[in-house]
Amino acid sequence: MLLSLLLIAAGVMLRQADRIWFTRRRPARAGAAELIALQRSRATNWTPALLLAGQWVQIAGWWHLAGHGLLAAAAAALGVAVQFRHLQEISHFAVHGVLARTRGANQLLAEVFVHYPLGLIPVPERQRLHVRDHHPNAARPGLDPNLAELHQAGLRPGASRFRFARAVVYPLTWRGIRSTAAGIAANLRRSGSWHRAAAVCVVLGAAYLIGGWPALVCGVLVPRLLLYPQLAWLSLINEHTWFAPEPRTGSPAWVEAGRCLRLYPHNRLLATFAAATWLPYGDLYHYAHSAHPAVRWNYLPALERQLHQPHFTADSLLTGPRSVIAHHRRSLALHTTARPGTGV
(Lines give C-alpha, C1' and ligand atoms only; values in the text may rest on other atoms or scores of the structure.)
Protein backbone atom coordinates (compact mmCIF):
# COMPACT_ATOMS: atom_id res chain seq x y z
CA MET A 1 0.00 0.00 0.00
CA LEU A 2 2.80 2.44 0.90
CA LEU A 3 4.55 1.81 -2.41
CA SER A 4 1.29 2.53 -4.25
CA LEU A 5 0.93 5.89 -2.54
CA LEU A 6 4.60 6.72 -3.11
CA LEU A 7 4.25 6.03 -6.84
CA ILE A 8 1.12 8.19 -7.10
CA ALA A 9 2.85 11.00 -5.18
CA ALA A 10 5.97 10.70 -7.36
CA GLY A 11 3.83 10.99 -10.49
CA VAL A 12 2.15 14.11 -9.15
CA MET A 13 5.54 15.65 -8.41
CA LEU A 14 6.88 14.90 -11.88
CA ARG A 15 3.88 16.66 -13.41
CA GLN A 16 4.59 19.84 -11.49
CA ALA A 17 7.71 20.66 -13.52
CA ASP A 18 5.58 21.54 -16.55
CA ARG A 19 3.07 23.55 -14.49
CA ILE A 20 5.75 25.57 -12.69
CA TRP A 21 7.71 26.21 -15.89
CA PHE A 22 4.74 27.64 -17.76
CA THR A 23 2.87 29.42 -14.96
CA ARG A 24 5.71 31.37 -13.30
CA ARG A 25 4.94 35.10 -13.49
CA ARG A 26 1.77 34.33 -15.44
CA PRO A 27 -0.51 37.37 -15.80
CA ALA A 28 -3.87 37.12 -14.08
CA ARG A 29 -5.61 38.63 -17.10
CA ALA A 30 -4.33 39.04 -20.65
CA GLY A 31 -5.25 38.84 -24.30
CA ALA A 32 -4.49 35.96 -26.66
CA ALA A 33 -1.57 37.66 -28.44
CA GLU A 34 0.27 38.39 -25.19
CA LEU A 35 -0.31 34.89 -23.84
CA ILE A 36 0.77 33.18 -27.07
CA ALA A 37 3.98 35.22 -27.11
CA LEU A 38 4.64 34.22 -23.49
CA GLN A 39 4.06 30.51 -24.05
CA ARG A 40 6.25 30.53 -27.16
CA SER A 41 9.08 32.08 -25.19
CA ARG A 42 8.78 29.24 -22.67
CA ALA A 43 8.09 26.39 -25.09
CA THR A 44 10.12 23.27 -24.34
CA ASN A 45 10.12 19.56 -25.05
CA TRP A 46 11.38 18.27 -21.72
CA THR A 47 8.62 19.50 -19.38
CA PRO A 48 5.83 17.92 -21.48
CA ALA A 49 7.79 14.64 -21.46
CA LEU A 50 7.99 14.79 -17.65
CA LEU A 51 4.29 15.65 -17.49
CA LEU A 52 3.30 12.60 -19.54
CA ALA A 53 5.75 10.34 -17.72
CA GLY A 54 4.27 11.53 -14.43
CA GLN A 55 0.80 10.49 -15.57
CA TRP A 56 2.04 6.95 -16.24
CA VAL A 57 3.90 6.78 -12.93
CA GLN A 58 0.59 7.63 -11.25
CA ILE A 59 -1.12 4.91 -13.27
CA ALA A 60 1.53 2.43 -12.10
CA GLY A 61 0.71 3.44 -8.53
CA TRP A 62 -2.97 2.75 -9.11
CA TRP A 63 -2.10 -0.62 -10.67
CA HIS A 64 -0.10 -1.54 -7.58
CA LEU A 65 -2.97 -0.44 -5.34
CA ALA A 66 -5.50 -2.60 -7.22
CA GLY A 67 -4.23 -5.79 -5.62
CA HIS A 68 -5.01 -4.64 -2.06
CA GLY A 69 -8.66 -5.65 -1.87
CA LEU A 70 -12.01 -4.90 -3.46
CA LEU A 71 -12.23 -1.26 -2.41
CA ALA A 72 -8.67 -0.64 -3.57
CA ALA A 73 -9.47 -2.23 -6.93
CA ALA A 74 -12.55 -0.01 -7.33
CA ALA A 75 -10.49 3.07 -6.42
CA ALA A 76 -7.83 2.00 -8.92
CA ALA A 77 -10.43 1.69 -11.69
CA LEU A 78 -11.61 5.25 -11.05
CA GLY A 79 -8.08 6.57 -10.59
CA VAL A 80 -6.79 5.07 -13.83
CA ALA A 81 -9.87 6.27 -15.74
CA VAL A 82 -9.16 9.81 -14.58
CA GLN A 83 -5.51 9.48 -15.64
CA PHE A 84 -6.56 8.19 -19.08
CA ARG A 85 -8.83 11.22 -19.36
CA HIS A 86 -5.89 13.48 -18.42
CA LEU A 87 -3.72 11.84 -21.06
CA GLN A 88 -6.42 12.45 -23.67
CA GLU A 89 -6.54 16.17 -22.87
CA ILE A 90 -2.76 16.57 -22.84
CA SER A 91 -2.58 14.96 -26.29
CA HIS A 92 -5.42 17.26 -27.40
CA PHE A 93 -3.09 20.21 -26.92
CA ALA A 94 -0.36 18.32 -28.77
CA VAL A 95 -2.80 18.02 -31.68
CA HIS A 96 -3.08 21.82 -31.61
CA GLY A 97 0.71 22.08 -31.59
CA VAL A 98 1.07 23.80 -28.21
CA LEU A 99 2.13 20.98 -25.90
CA ALA A 100 5.82 20.90 -26.85
CA ARG A 101 8.24 23.17 -28.68
CA THR A 102 8.29 21.53 -32.11
CA ARG A 103 5.72 19.90 -34.37
CA GLY A 104 7.63 16.63 -34.37
CA ALA A 105 7.84 16.56 -30.57
CA ASN A 106 4.11 17.23 -30.26
CA GLN A 107 3.29 14.28 -32.50
CA LEU A 108 5.88 11.95 -30.99
CA LEU A 109 4.85 12.63 -27.38
CA ALA A 110 1.14 12.24 -28.18
CA GLU A 111 1.67 8.98 -30.06
CA VAL A 112 4.12 7.32 -27.63
CA PHE A 113 2.49 8.32 -24.35
CA VAL A 114 -1.21 8.41 -25.31
CA HIS A 115 -2.37 7.17 -28.70
CA TYR A 116 -0.23 4.02 -28.85
CA PRO A 117 -0.85 2.69 -25.31
CA LEU A 118 -4.57 3.59 -25.32
CA GLY A 119 -5.24 2.21 -28.80
CA LEU A 120 -6.41 5.55 -30.21
CA ILE A 121 -6.41 6.66 -33.85
CA PRO A 122 -3.14 8.05 -35.28
CA VAL A 123 -2.41 11.63 -34.25
CA PRO A 124 -2.55 13.06 -37.84
CA GLU A 125 -6.04 11.60 -38.26
CA ARG A 126 -7.17 13.06 -34.95
CA GLN A 127 -5.68 16.39 -35.98
CA ARG A 128 -7.69 16.35 -39.22
CA LEU A 129 -10.95 15.48 -37.49
CA HIS A 130 -10.52 17.88 -34.60
CA VAL A 131 -8.61 20.88 -35.93
CA ARG A 132 -9.80 20.97 -39.55
CA ASP A 133 -13.30 19.49 -39.30
CA HIS A 134 -14.57 20.27 -35.78
CA HIS A 135 -13.17 23.64 -34.73
CA PRO A 136 -14.37 25.75 -37.70
CA ASN A 137 -17.72 23.91 -37.78
CA ALA A 138 -18.60 23.36 -34.12
CA ALA A 139 -22.29 22.41 -33.68
CA ARG A 140 -23.02 22.71 -37.42
CA PRO A 141 -25.09 19.75 -38.69
CA GLY A 142 -23.48 17.85 -41.53
CA LEU A 143 -20.08 19.44 -40.93
CA ASP A 144 -19.06 18.80 -37.31
CA PRO A 145 -17.99 15.16 -36.73
CA ASN A 146 -18.54 15.57 -32.98
CA LEU A 147 -22.17 16.60 -33.48
CA ALA A 148 -22.64 13.61 -35.78
CA GLU A 149 -21.29 11.38 -33.02
CA LEU A 150 -23.83 12.80 -30.55
CA HIS A 151 -26.65 12.27 -33.05
CA GLN A 152 -25.61 8.66 -33.69
CA ALA A 153 -25.69 7.98 -29.94
CA GLY A 154 -29.30 9.16 -29.75
CA LEU A 155 -29.04 12.84 -28.80
CA ARG A 156 -31.31 14.13 -31.54
CA PRO A 157 -34.67 15.86 -31.92
CA GLY A 158 -37.57 13.52 -31.27
CA ALA A 159 -35.69 11.34 -28.78
CA SER A 160 -37.87 10.14 -25.92
CA ARG A 161 -36.87 10.87 -22.34
CA PHE A 162 -35.59 7.31 -21.97
CA ARG A 163 -33.54 7.43 -25.17
CA PHE A 164 -32.13 10.80 -24.18
CA ALA A 165 -31.08 9.46 -20.77
CA ARG A 166 -29.56 6.37 -22.38
CA ALA A 167 -27.61 8.56 -24.80
CA VAL A 168 -26.12 10.52 -21.89
CA VAL A 169 -24.53 7.29 -20.63
CA TYR A 170 -23.97 5.89 -24.13
CA PRO A 171 -20.41 4.53 -23.47
CA LEU A 172 -21.81 2.39 -20.62
CA THR A 173 -24.52 0.83 -22.79
CA TRP A 174 -23.94 -2.43 -24.64
CA ARG A 175 -23.96 -0.56 -27.95
CA GLY A 176 -21.44 1.94 -26.64
CA ILE A 177 -19.13 -0.73 -25.24
CA ARG A 178 -19.19 -2.55 -28.59
CA SER A 179 -18.36 0.71 -30.36
CA THR A 180 -15.41 1.39 -28.04
CA ALA A 181 -14.03 -2.13 -28.44
CA ALA A 182 -14.55 -2.08 -32.20
CA GLY A 183 -12.74 1.26 -32.45
CA ILE A 184 -9.72 -0.06 -30.54
CA ALA A 185 -9.67 -3.25 -32.63
CA ALA A 186 -9.83 -1.26 -35.88
CA ASN A 187 -6.96 0.96 -34.79
CA LEU A 188 -4.82 -2.05 -33.92
CA ARG A 189 -5.60 -3.77 -37.24
CA ARG A 190 -4.44 -0.88 -39.40
CA SER A 191 -1.94 -1.82 -42.08
CA GLY A 192 1.59 -1.54 -40.75
CA SER A 193 0.38 -0.83 -37.21
CA TRP A 194 1.92 -3.84 -35.45
CA HIS A 195 3.72 -1.38 -33.17
CA ARG A 196 0.36 -0.03 -31.94
CA ALA A 197 -0.77 -3.53 -30.98
CA ALA A 198 2.61 -4.10 -29.34
CA ALA A 199 2.20 -0.93 -27.26
CA VAL A 200 -1.20 -2.09 -25.97
CA CYS A 201 0.32 -5.48 -25.11
CA VAL A 202 3.08 -3.72 -23.18
CA VAL A 203 0.47 -1.83 -21.14
CA LEU A 204 -1.44 -5.03 -20.40
CA GLY A 205 1.75 -6.85 -19.45
CA ALA A 206 3.01 -4.01 -17.25
CA ALA A 207 -0.31 -3.85 -15.39
CA TYR A 208 -0.22 -7.59 -14.74
CA LEU A 209 3.41 -7.54 -13.57
CA ILE A 210 2.78 -4.62 -11.21
CA GLY A 211 -0.59 -5.57 -9.75
CA GLY A 212 -1.63 -8.98 -11.08
CA TRP A 213 -5.12 -9.78 -12.37
CA PRO A 214 -6.80 -7.00 -10.33
CA ALA A 215 -4.59 -4.41 -12.06
CA LEU A 216 -5.21 -5.96 -15.48
CA VAL A 217 -8.98 -5.98 -15.05
CA CYS A 218 -9.60 -2.94 -12.84
CA GLY A 219 -6.53 -0.97 -13.90
CA VAL A 220 -6.78 -1.38 -17.68
CA LEU A 221 -9.87 -3.13 -19.06
CA VAL A 222 -12.60 -1.51 -16.94
CA PRO A 223 -11.15 2.04 -17.20
CA ARG A 224 -10.37 1.78 -20.93
CA LEU A 225 -13.60 0.13 -22.04
CA LEU A 226 -16.10 1.71 -19.60
CA LEU A 227 -15.08 4.52 -17.28
CA TYR A 228 -12.70 6.61 -19.35
CA PRO A 229 -15.03 6.62 -22.41
CA GLN A 230 -17.89 7.82 -20.16
CA LEU A 231 -15.77 10.65 -18.71
CA ALA A 232 -14.72 11.69 -22.20
CA TRP A 233 -18.36 11.52 -23.36
CA LEU A 234 -19.55 13.81 -20.56
CA SER A 235 -16.76 16.21 -21.48
CA LEU A 236 -17.95 16.24 -25.09
CA ILE A 237 -21.54 16.89 -24.03
CA ASN A 238 -20.31 19.79 -21.92
CA GLU A 239 -18.36 21.58 -24.65
CA HIS A 240 -21.04 23.34 -26.71
CA THR A 241 -24.69 24.28 -26.83
CA TRP A 242 -24.84 21.57 -29.47
CA PHE A 243 -28.55 21.71 -30.26
CA ALA A 244 -29.19 25.45 -29.84
CA PRO A 245 -26.15 27.34 -31.11
CA GLU A 246 -26.56 31.04 -31.78
CA PRO A 247 -25.23 31.78 -35.28
CA ARG A 248 -22.94 34.80 -35.20
CA THR A 249 -20.40 36.56 -37.37
CA GLY A 250 -17.48 38.61 -36.18
CA SER A 251 -14.44 37.91 -34.05
CA PRO A 252 -13.60 34.30 -33.07
CA ALA A 253 -14.48 35.06 -29.43
CA TRP A 254 -17.88 36.46 -30.40
CA VAL A 255 -18.66 33.51 -32.70
CA GLU A 256 -17.64 30.93 -30.09
CA ALA A 257 -19.58 32.71 -27.34
CA GLY A 258 -22.71 31.88 -29.33
CA ARG A 259 -22.09 28.14 -29.48
CA CYS A 260 -20.13 27.38 -26.30
CA LEU A 261 -21.08 26.98 -22.66
CA ARG A 262 -19.26 27.33 -19.35
CA LEU A 263 -19.83 24.95 -16.44
CA TYR A 264 -19.53 26.06 -12.79
CA PRO A 265 -18.61 29.73 -13.41
CA HIS A 266 -19.69 30.68 -9.85
CA ASN A 267 -18.84 27.51 -7.92
CA ARG A 268 -15.10 27.30 -7.29
CA LEU A 269 -15.29 24.01 -5.37
CA LEU A 270 -17.09 22.10 -8.12
CA ALA A 271 -14.95 23.76 -10.79
CA THR A 272 -11.79 22.63 -8.99
CA PHE A 273 -13.11 19.07 -8.68
CA ALA A 274 -14.05 18.97 -12.36
CA ALA A 275 -10.66 20.34 -13.42
CA ALA A 276 -8.93 17.67 -11.33
CA THR A 277 -10.97 14.78 -12.72
CA TRP A 278 -13.10 14.79 -15.87
CA LEU A 279 -12.42 18.31 -17.26
CA PRO A 280 -8.63 18.50 -16.87
CA TYR A 281 -5.93 20.56 -18.57
CA GLY A 282 -8.09 23.44 -19.71
CA ASP A 283 -11.18 21.46 -20.71
CA LEU A 284 -13.19 23.40 -18.14
CA TYR A 285 -12.26 26.50 -20.18
CA HIS A 286 -13.42 25.08 -23.50
CA TYR A 287 -15.01 28.38 -24.51
CA ALA A 288 -11.69 30.21 -24.20
CA HIS A 289 -9.97 27.35 -26.01
CA SER A 290 -12.49 27.44 -28.85
CA ALA A 291 -12.02 31.18 -29.25
CA HIS A 292 -8.22 30.90 -29.33
CA PRO A 293 -7.07 27.28 -29.92
CA ALA A 294 -3.39 28.27 -30.04
CA VAL A 295 -3.36 29.15 -26.31
CA ARG A 296 -1.94 26.48 -23.99
CA TRP A 297 -4.12 25.31 -21.08
CA ASN A 298 -1.96 27.09 -18.49
CA TYR A 299 -3.10 30.47 -19.83
CA LEU A 300 -6.79 29.82 -20.52
CA PRO A 301 -7.99 31.19 -17.14
CA ALA A 302 -6.22 34.50 -17.82
CA LEU A 303 -7.65 34.56 -21.33
CA GLU A 304 -11.19 33.79 -20.18
CA ARG A 305 -11.18 36.89 -17.96
CA GLN A 306 -10.70 38.97 -21.13
CA LEU A 307 -13.65 37.44 -22.97
CA HIS A 308 -17.42 37.94 -22.94
CA GLN A 309 -19.57 35.35 -21.20
CA PRO A 310 -20.48 32.45 -23.50
CA HIS A 311 -23.96 31.63 -24.78
CA PHE A 312 -24.88 29.61 -21.72
CA THR A 313 -23.44 29.26 -18.22
CA ALA A 314 -24.49 26.17 -16.27
CA ASP A 315 -24.75 25.63 -12.52
CA SER A 316 -24.45 21.84 -12.80
CA LEU A 317 -23.91 19.06 -15.29
CA LEU A 318 -26.81 16.68 -14.64
CA THR A 319 -29.45 18.11 -12.29
CA GLY A 320 -31.50 21.27 -11.98
CA PRO A 321 -33.05 23.67 -14.50
CA ARG A 322 -29.68 25.39 -15.08
CA SER A 323 -27.83 22.15 -15.80
CA VAL A 324 -26.14 21.26 -19.08
CA ILE A 325 -28.34 18.20 -19.52
CA ALA A 326 -31.57 20.15 -18.93
CA HIS A 327 -30.44 22.77 -21.46
CA HIS A 328 -29.75 20.12 -24.10
CA ARG A 329 -33.07 18.41 -23.38
CA ARG A 330 -35.01 21.67 -23.76
CA SER A 331 -33.14 22.54 -26.94
CA LEU A 332 -33.94 19.21 -28.55
CA ALA A 333 -37.59 19.47 -27.50
CA LEU A 334 -37.90 22.96 -28.98
CA HIS A 335 -36.16 21.78 -32.15
CA THR A 336 -38.69 18.96 -32.46
CA THR A 337 -41.61 21.35 -31.99
CA ALA A 338 -40.24 23.83 -34.51
CA ARG A 339 -39.52 21.20 -37.15
CA PRO A 340 -41.82 18.22 -36.58
CA GLY A 341 -40.87 15.01 -38.26
CA THR A 342 -37.20 15.85 -38.79
CA GLY A 343 -34.58 13.30 -37.91
CA VAL A 344 -31.70 15.58 -36.90
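Taken as a whole, segment 179-200 holds at least one residue that is more than 24 Å from Gln107 (Cα to Cα), modelled with pLDDT of 95 or more and either of a type in the set (S, T, N, Q) or surrounded by 15 or more Cβ atoms within 10 Å (Cβ to Cβ) (or both). It is to be established whether one or more residues within segment 68-85 are among the basic types (Lys, Arg), under 18 Å from the mean Cα position of the chain (by Cα) and either crowded, with 21+ Cβ neighbours inside 10 Å or part of a helix (DSSP H, G or I) (or both). Within segment 68-85, one or more residues are among the basic types (Lys, Arg), under 18 Å from the mean Cα position of the chain (by Cα) and either crowded, with 21+ Cβ neighbours inside 10 Å or part of a helix (DSSP H, G or I) (or both). Could you list, in sequence order, all residues of segment 235-250 that are touching a residue at least 40 places away in the same chain (Cβ under 8 Å) and either over 25 Å from Leu155 (Cα atoms) or among the acidic types (Asp, Glu) (or both)? Glu239, Glu246 - these are the residues of segment 235-250 that are touching a residue at least 40 places away in the same chain (Cβ under 8 Å) and either over 25 Å from Leu155 (Cα atoms) or among the acidic types (Asp, Glu) (or both).
Give me a count of the residues in segment 278-299 that are of a type in the set (A, V, I, L, M), surrounded by fewer than 22 Cβ atoms within 10 Å (Cβ to Cβ) and not in a loop (DSSP other than H, G, I, E, B). Before the answer, list the steps.
To start, the set of residues in segment 278-299 that are of a type in the set (A, V, I, L, M) comprises 279, 284, 288, 291, 294-295.
Applying the additional criterion that residues be surrounded by fewer than 22 Cβ atoms within 10 Å (Cβ to Cβ) yields 294.
Pick out the ones that are also not in a loop (DSSP other than H, G, I, E, B) and you get none.
Here the count works out to 0.
Any idea which of Val95, Val112 is within 15 Å of the chain's Cα centre (by Cα) and modelled with pLDDT of 95 or more?
Answer to the selection: Val95.
Condition (residue is in contact with a Leu (Cβ under 6 Å, 6 or more places away or on another chain), polar (S, T, N, Q), surrounded by fewer than 22 Cβ atoms within 10 Å (Cβ to Cβ) and within 24 Å of His328 (Cα to Cα)) applied to segment 240-252: is it met by at least one residue? Looking for residues that are in contact with a Leu (Cβ under 6 Å, 6 or more places away or on another chain), polar (S, T, N, Q), surrounded by fewer than 22 Cβ atoms within 10 Å (Cβ to Cβ) and within 24 Å of His328 (Cα to Cα), one finds at least one in segment 240-252, hence yes. Among the residues making up segment 251-277, those that are closer than 19 Å to Thr319 by Cβ and touching a helix residue (DSSP H, G or I) at 6+ places or on another chain (Cβ under 7 Å) are Leu261, Arg262, Leu263, Tyr264, Ala271, Ala274, Thr277. Looking only at segment 95-129, residues that are polar (S, T, N, Q), farther than 23 Å from Ala197 by Cβ and in a helix (DSSP H, G or I) come to 1 in all. Of everything in segment 156-184 that is aliphatic (A, V, I, L, M) and not in a helix (DSSP H, G or I), the residue that is nearest to the chain's Cα centre (by Cα) is Val169.
For Ala207, are the conditions met, namely being in a helix (DSSP H, G or I), out of contact with any strand residue (DSSP E or B) (no Cβ under 6 Å at 6 or more places or on another chain) and surrounded by 15 or more Cβ atoms within 10 Å (Cβ to Cβ)? If you could, list the steps in order and put the result at the bottom.
Values: in a helix (DSSP H, G or I): yes; out of contact with any strand residue (DSSP E or B) (no Cβ under 6 Å at 6 or more places or on another chain): yes; surrounded by 15 or more Cβ atoms within 10 Å (Cβ to Cβ): yes.
It is true that Ala207 is in a helix (DSSP H, G or I), out of contact with any strand residue (DSSP E or B) (no Cβ under 6 Å at 6 or more places or on another chain) and surrounded by 15 or more Cβ atoms within 10 Å (Cβ to Cβ).
Taken as a whole, segment 269-277 holds at least one residue that is crowded, with 20+ Cβ neighbours inside 10 Å and either within 17 Å of the chain's Cα centre (by Cα) or part of a loop (DSSP other than H, G, I, E, B) (or both). The set of residues in segment 9-55 being touching a residue at least 60 places away in the same chain (Cβ under 8 Å) and assigned to a helix (DSSP H, G or I) consists of Arg19, Phe22, Thr23, Ala32, Leu35, Ile36, Leu38, Gln39, Pro48, Ala49, Leu52, Ala53.
The values are calculated or read from the model by the stated rules, or taken from the named source; none is laboratory data. This is a predicted model, so every value here is computed, not measured. All Cβ positions, glycine included, derive from the backbone under ideal geometry; neighbour counts span all protein chains shown.
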